[in-house]
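Novice: Take this structure first; my questions come after.
The values are calculated or read from the model by the stated rules, or taken from the named source; none is laboratory data. Because the structure is a prediction, the values reported are computed rather than measured. Note that we place each Cβ from the backbone using ideal geometry, even for glycine, and neighbour counts take in every protein chain shown. Ligands, DNA and RNA are stripped out before the accessible areas are found, and what is left, the full protein with its side chains, is counted by its heavy atoms. Shrake-Rupley method; radii C 1.70, N 1.55, O 1.52, S 1.80 Å.
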Amino acid sequence: MDLEQVASLERGQQLPLQRDVEAIAIPFGSTETLVEDSVVSVMQAKGSSVSVGFEGRLFSVSYTHLTLP
C-alpha cells in the first residue's frame, strides 16, 4: 500500500490482513501481532499510519504493513 492508497481509506472500511502485521496498541504503546486473515476496521488514516479497530481495541499500523485486497 502506498501513501495515496492510505489517503483513500475511509472510516469504517474493513480490511482483511493478508499477512501477520505488527501493530502498536493505543494508548499503551506495546507492540502486538495481528494475525493473517484477521479483519480490522479503519478508524483513521493519516500520514504514514492507519489507526484500526480490532476486537474492541485500537491499534496503529504502518501503511507499509497493509495491503489492499
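Novice: Taking the residues in segment 35-69 that are assigned to a loop (DSSP other than H, G, I, E, B) and of a type outside the set (Gly, Ala, Ser) as candidates, determine which candidate is nearest to Ser8 (Cα to Cα).
Specialist: Leu68
Novice: Same structure again: What is the one condition in (1) at pLDDT 90 or above; (2) at negative phi that Ala7 does not satisfy?
Specialist: Of (1) at pLDDT 90 or above; (2) at negative phi, only one is false for Ala7: (1).
Novice: Taking segment 17-32 on its own, how many of its residues are in a strand (DSSP E or B) and open to solvent by 50 Å² or more (accessible area, probe 1.4 Å)?
Specialist: Summing the residues that are in a strand (DSSP E or B) and open to solvent by 50 Å² or more (accessible area, probe 1.4 Å) in segment 17-32 gives 5.
Novice: Still on this structure: Taking only segment 33-69 into account, find how many residues are basic (Lys, Arg) and at pLDDT 95 or above.
Specialist: Qualifying residue count, segment 33-69: 1.
Novice: What's the number of the only condition in (1) modelled with pLDDT of 90 or more; (2) in contact with a Phe, Trp or Tyr (Cβ under 7 Å, 6 or more places away or on another chain) that Met1 fails to meet?
Specialist: Answer for Met1: the failing condition is (1).
Novice: Right, another one. Inspect all residues belonging to segment 1-9 and state whether any of them is without any contact (Cβ under 8 Å) to a residue 40 or more places away in the chain and under 11 Å from the mean Cα position of the chain (by Cα).
Specialist: No, that holds for no residue.
Novice: Same structure, new question: Give segment 25-69 a look and list any residue that's farther than 15 Å from Gln5 by Cα and among the polar types (S, T, N, Q), or say none.
Specialist: Once the filter is applied, which keeps residues that are farther than 15 Å from Gln5 by Cα and among the polar types (S, T, N, Q), segment 25-69 yields Ser30, Thr31, Thr33, Ser38, Ser41, Ser60.
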